[in-house]
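Colleague: Handing you a structure now.
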């Protein structure tokens, strides 16, 4: 499946690197994801990266991935690594909705 396709449910795992910590990226991501009706989670990594799992209608996930390439004001995304994921990737978030998790 490529970006832009509108076919069913999509689950993706993102790793973002750059200036993505200390700029409100997690709170921004949760707000944007909830506004798009997505479920999943976001957390900081001790490596300095931000990690997220996004799930929902393919078009909404695709739009959120594109938004994540820029992030909130003050962020700089140098690298966005995307992998298709299984529904089991949502388990870390504890269920329905979108969660901000502790740093791992």
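The values are calculated or read from the model by the stated rules, or taken from the named source; none is laboratory data. Everything numeric here is computed off the predicted structure, so don't read it as measured data. Every residue, glycine among them, receives a Cβ derived from its backbone with ideal geometry; neighbour counts consider all protein chains shown.
Colleague: Kindly indicate whether any position in the stretch 11-31 is more than 11 Å from the chain's Cα centre (by Cα), part of a strand (DSSP E or B) and at negative phi.
Modeller: Yes: the stretch 11-31 contains one or more residues that are more than 11 Å from the chain's Cα centre (by Cα), part of a strand (DSSP E or B) and at negative phi.
Colleague: Answer yes or no as to whether residue 2 is surrounded by 14 or more Cβ atoms within 10 Å (Cβ to Cβ) and either under 17 Å from residue 78 (Cβ atoms) or at pLDDT below 95 (or both).
Modeller: Details: surrounded by 14 or more Cβ atoms within 10 Å (Cβ to Cβ): no; either under 17 Å from residue 78 (Cβ atoms) or at pLDDT below 95 (or both): yes.
So residue 2 fails the test.
Colleague: Next question, about the same structure. Where the second residue is at pLDDT 95 or above and assigned to a strand (DSSP E or B) and the first is at positive phi and surrounded by 10 or more Cβ atoms within 10 Å (Cβ to Cβ) and lies in the stretch 77-104, which pairs have Cβ atoms under 7 Å and are six or more apart or on separate chains?
Modeller: From residues that are at positive phi and surrounded by 10 or more Cβ atoms within 10 Å (Cβ to Cβ), the pairs are 97/39.
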